[in-house]
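Quick one: the structure is below, questions incoming.
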Amino acid sequence: KFAGHKKIIVWWNKSFEEAGKMSIGGMLAACFEKFPEVPAKNSLRYFLAFNRFVPSFISNLLPVKGYELYYQLKKDDIVVDVGAYPGDYAIFAGRKVGNGGKVICFEPNPENRKILIKNIEQEELKNIIIIPKGLWNENTILKIKEDELSSSVLTKSGETIIDVVRLDDELEKLGIEKIDFLKMDIEGAEIEAIEGCRKILKKSNANVAIASYHIVDGKMTSNFIENFLIKLGYNVKSDFPKHLTTYGWKK
């Protein structure tokens, strides 16, 4: 118990140290994300993101709001959620697409996946498939570094070994020939992951929303993602600045 209390004190002090560098909304969001991931936390996320009485400086910090900015999910849609922990978007999508739709979640981090499974089971949604793998531009194994706040971060010296696959290959195994929406937030690995989606993006009229605020080799990932999608015939726009996301859609 003491170790747990000490950990709370450390992040609380750190939050105050960084408070001067952050907006009020940003500080509140950072503190909110530190609390344990329980089913009720996702319900609170939806309320803060979509309730019209919540001020925009708070609602605009919620990624789930940003994913709906250019394409609103419809009944029977097939959705791919890459970096699904803690299930906030997967559950949101599962409710919207209904029994005729499908949500395919990729979450390679074992600890994150336990929470993801628990939250989805709490909702009793039967249209969500959880795949214990990450996405990459080839089928191989990689190491990841555990991250308490979000999906795992790829690293050369990580502690956890995970399977990574090309989305094109995994969807073929599942017998899925088209998707309607691709959401991705995997801490900078989006560049390699989207390269493994080339076939399905060419074949489908899929809308995409890919987190692109990460810095890789000194550059924003939005630069690569925009150029990649344009070459596949997509219209693109990077928007939602509080959680920069690159959106793509075909004419």
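The values are calculated or read from the model by the stated rules, or taken from the named source; none is laboratory data. All values reported here derive from a predicted model rather than from experimental measurement. Quick reminder, even Gly has a Cβ in these numbers, built from the backbone with ideal geometry, and neighbours come from all protein chains shown. Side chains are part of the model used for accessible areas, which takes the heavy atoms of the whole protein and leaves out ligands, DNA and RNA. Shrake-Rupley method; radii C 1.70, N 1.55, O 1.52, S 1.80 Å.
Would you point out which residue out of Glu226, Glu187, Glu172 is on the phi > 0 side of the Ramachandran plot and charged (D, E, K, R)?
Details: Glu226 fails: on the phi > 0 side of the Ramachandran plot; Glu172 fails: on the phi > 0 side of the Ramachandran plot.
The unique qualifying residue is Glu187.
So in region 169-199, with the set limited to residues that are open to solvent by less than 10 Å² (accessible area, probe 1.4 Å) and part of a helix (DSSP H, G or I), which one is farthest from Gly83 (Cα to Cα)?
Leu171
How about region 135-168: which of its residues are at pLDDT 90 or above, surrounded by fewer than 19 Cβ atoms within 10 Å (Cβ to Cβ) and of a type in the set (Lys, Arg)?
Scanning region 135-168 gives no hits.
Shifting gears a bit: Is it the case, given these coordinates, that Ser59 is open to solvent by less than 10 Å² (accessible area, probe 1.4 Å), out of contact with any Phe, Trp or Tyr (no Cβ under 7 Å at 6 or more places or on another chain) and at pLDDT below 95?
Criteria met by Ser59.
OK, next. Would you check which residues across region 28-72 are in contact with a Gly (Cβ under 7 Å, 6 or more places away or on another chain) and farther than 18 Å from Arg95 by Cβ and list them?
Residues satisfying the conditions are Phe57, Ile58, Leu61.
Considering only residues that are assigned to a strand (DSSP E or B) and not charged (D, E, K, R), look in region 200-220 and name the one that is most open to solvent (accessible area, probe 1.4 Å).
The qualifying residue most open to solvent (accessible area, probe 1.4 Å) is Ile215.
So that you can scan it fast, the table gives a plain yes or no per residue for (1) part of a helix (DSSP H, G or I); (2) within 26 Å of Arg166 (Cα to Cα):
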site	(1), (2)
Cys31	yes, no
Ala40	yes, no
Ser43	yes, no
Leu61	no, no
Lys65	yes, no
Glu68	no, yes
Val79	no, yes
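Quick check on region 221-251: of everything there that is assigned to a loop (DSSP other than H, G, I, E, B) and more than 19 Å from the chain's Cα centre (by Cα), which residue is modelled with the lowest pLDDT?
Pass one, region 221-251, residues assigned to a loop (DSSP other than H, G, I, E, B): 232-234, 240, 244, 250-251.
Those left that are additionally more than 19 Å from the chain's Cα centre (by Cα): 232-234, 250-251.
Details: Leu232: 95, Gly233: 95, Tyr234: 97, Lys250: 94, Lys251: 81.
Taking the candidates together, the pick is Lys251.
Return the total of residues in region 225-235 being touching a strand residue (DSSP E or B) at 6+ places or on another chain (Cβ under 9 Å) and either more than 17 Å from Asp185 (Cβ to Cβ) or open to solvent by 70 Å² or more (accessible area, probe 1.4 Å) (or both).
5
On to the next question. Quick check on region 81-108: of everything there that is small (Gly, Ala, Ser) and outside any loop (DSSP other than H, G, I, E, B), which residue is nearest to Asn127 (Cα to Cα)?
Gly94
Here is a list: Tyr85, Tyr89. Which entry is hydroxyl-bearing (Ser, Thr, Tyr), under 22 Å from Pro39 (Cα atoms), at pLDDT 95 or above and within 16 Å of the chain's Cα centre (by Cα)? Explain how you work it out, then say what you get.
On the way: Tyr85 fails: at pLDDT 95 or above.
Result of the check over Tyr85, Tyr89: Tyr89.
Yes/no per residue for (1) hydrophobic (A, V, I, L, M, F, W, C); (2) in contact with a His (Cβ under 9 Å, 6 or more places away or on another chain):
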residue: Glu172; (1), (2): no, no
residue: Glu190; (1), (2): no, yes
residue: Lys203; (1), (2): no, no
residue: Leu232; (1), (2): yes, no
residue: Asn235; (1), (2): no, no
residue: Ser238; (1), (2): no, no
residue: Tyr247; (1), (2): no, no
residue: Lys250; (1), (2): no, no
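If only one of Phe2, Phe16, Phe50 is modelled with pLDDT of 90 or more and open to solvent by 40 Å² or more (accessible area, probe 1.4 Å), which one is it? Even if it seems obvious, please write down each step before you answer.
Details: Phe2 fails: modelled with pLDDT of 90 or more; Phe16 fails: modelled with pLDDT of 90 or more.
Only one candidate passes the filter, namely Phe50.
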